[in-house]
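The values are calculated or read from the model by the stated rules, or taken from the named source; none is laboratory data. Just so it is clear, the structure is predicted and the values come from calculations on it, not from any experiment. Note that each Cβ is placed from the backbone with ideal geometry, even for glycine, and that neighbours are counted across all protein chains shown. Calculation scope for accessible area: heavy atoms of the full protein, side chains included, ligands and nucleic acids excluded. Shrake-Rupley method; radii C 1.70, N 1.55, O 1.52, S 1.80 Å.
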Amino acid sequence: ACPRTRGATCSCAWGRAEQTVRGVSSRPAEGAWRYYAAAERVRQSAVARPDADRLGALADAHLLAGDLDRALVTLARAIADDPNDARLRSDMAAAYLARGQRQGTAADLAAAVELASEARAAEPSLLEARFNLALAYAKSGQRAKATDAAQDLLTRLPADAPQRSEVERLIHTLK
């Protein structure tokens, strides 16, 4: 689960950004600077050749930095470039879910449900989309659908998948 999307999953490739509060990193500055340097390389690549993959990676950088609005705009551009990419739709669902939780907007949660549903339908094996759908249902108050989606996901996860405990925890909180 992506730390910046409050539990939802995105396809962030370079790992967790350091927690930063008012410019002060909670870990040694070197780790934060490595993240920012990697994010800048991703940004430069996306500016030079703005295709769906690069824009998706840039959106992931925005998600990790907590800039949900920029992530959403960038993901919209990426989806316009490749409208059949289920991962991009799942990432956009994660961004809407995070913004909906942060701002308490039902419209963002509804968009998260719609996009995660589309991603699941387009690529049924994309487990991230299934998890985002379960979370979006849960956060939008649709407990029965959330439970069904989470239990379905649990049956699809390998027995040794590290995500199992997170899905089990979601199911437990929905009871």
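For residues in region 82-97 being surrounded by fewer than 23 Cβ atoms within 10 Å (Cβ to Cβ) and among the charged types (D, E, K, R), which is nearest to D51 (Cα to Cα)? That would be D82.
Within region 133-145, identify whether any single residue is surrounded by 13 or more Cβ atoms within 10 Å (Cβ to Cβ), under 26 Å from A80 (Cα atoms) and at pLDDT below 95, and answer yes or no. Before you say what the answer is, go through the steps one by one.
Taking region 133-145 first, the residues surrounded by 13 or more Cβ atoms within 10 Å (Cβ to Cβ) are 133-140, 142-143, 145.
Still in the list and also under 26 Å from A80 (Cα atoms): 133-137.
Subset that is at pLDDT below 95: none.
Looking for residues that are surrounded by 13 or more Cβ atoms within 10 Å (Cβ to Cβ), under 26 Å from A80 (Cα atoms) and at pLDDT below 95, one finds none in region 133-145, hence no.
Within region 40-52, restricting attention to residues that are open to solvent by 20 Å² or more (accessible area, probe 1.4 Å) and hydrophobic (A, V, I, L, M, F, W, C), which residue is farthest from G100 (Cα to Cα)?
Narrowing region 40-52 to residues open to solvent by 20 Å² or more (accessible area, probe 1.4 Å): 40-45, 47-51.
From what's left, hydrophobic (A, V, I, L, M, F, W, C): 42, 47-48.
Working: V42: 26, V47: 28, A48: 32 Å.
Going through the qualifying residues, I end up with A48.
Starting from residues that are open to solvent by 20 Å² or more (accessible area, probe 1.4 Å) and in contact with a helix residue (DSSP H, G or I) (Cβ under 6 Å, 6 or more places away or on another chain), keep the ones in region 118-129 and report whichever is farthest from D85 (Cα to Cα). Working first, answer last.
Filtering region 118-129 down to residues open to solvent by 20 Å² or more (accessible area, probe 1.4 Å) leaves 118, 120-125, 127-128.
Checking which are in contact with a helix residue (DSSP H, G or I) (Cβ under 6 Å, 6 or more places away or on another chain) leaves us with 118, 120, 122-123, 128.
Working: E118: 10, R120: 11, A122: 8, E123: 9, E128: 13 Å.
If we take residues in region 118-129 being open to solvent by 20 Å² or more (accessible area, probe 1.4 Å) and in contact with a helix residue (DSSP H, G or I) (Cβ under 6 Å, 6 or more places away or on another chain), then E128 is farthest from D85 (Cα to Cα).
Among the residues of region 98-107, is any buried (at least 16 other Cβ atoms within 10 Å of the Cβ) and more than 28 Å from R49 (Cβ to Cβ)?
So the first thing to find is which residues in region 98-107 are buried (at least 16 other Cβ atoms within 10 Å of the Cβ), and the list is 98-101.
Subset that is more than 28 Å from R49 (Cβ to Cβ): 100-101.
Yes - at least one qualifying residue is present in region 98-107.
Among residues that are of a type outside the set (D, E, K, R) and either within 22 Å of Q103 (Cβ to Cβ) or open to solvent by 20 Å² or more (accessible area, probe 1.4 Å) (or both), L55 is not included.
Confirm whether A76 is under 10 Å from the mean Cα position of the chain (by Cα) and assigned to a helix (DSSP H, G or I). The answer is no for A76. Filtering region 91-124 to residues that are among the hydroxyl-bearing types (S, T, Y) and either touching a Ser or Thr at 6+ places or on another chain (Cβ under 6 Å) or modelled with pLDDT of 95 or more (or both) leaves Y96, S117.
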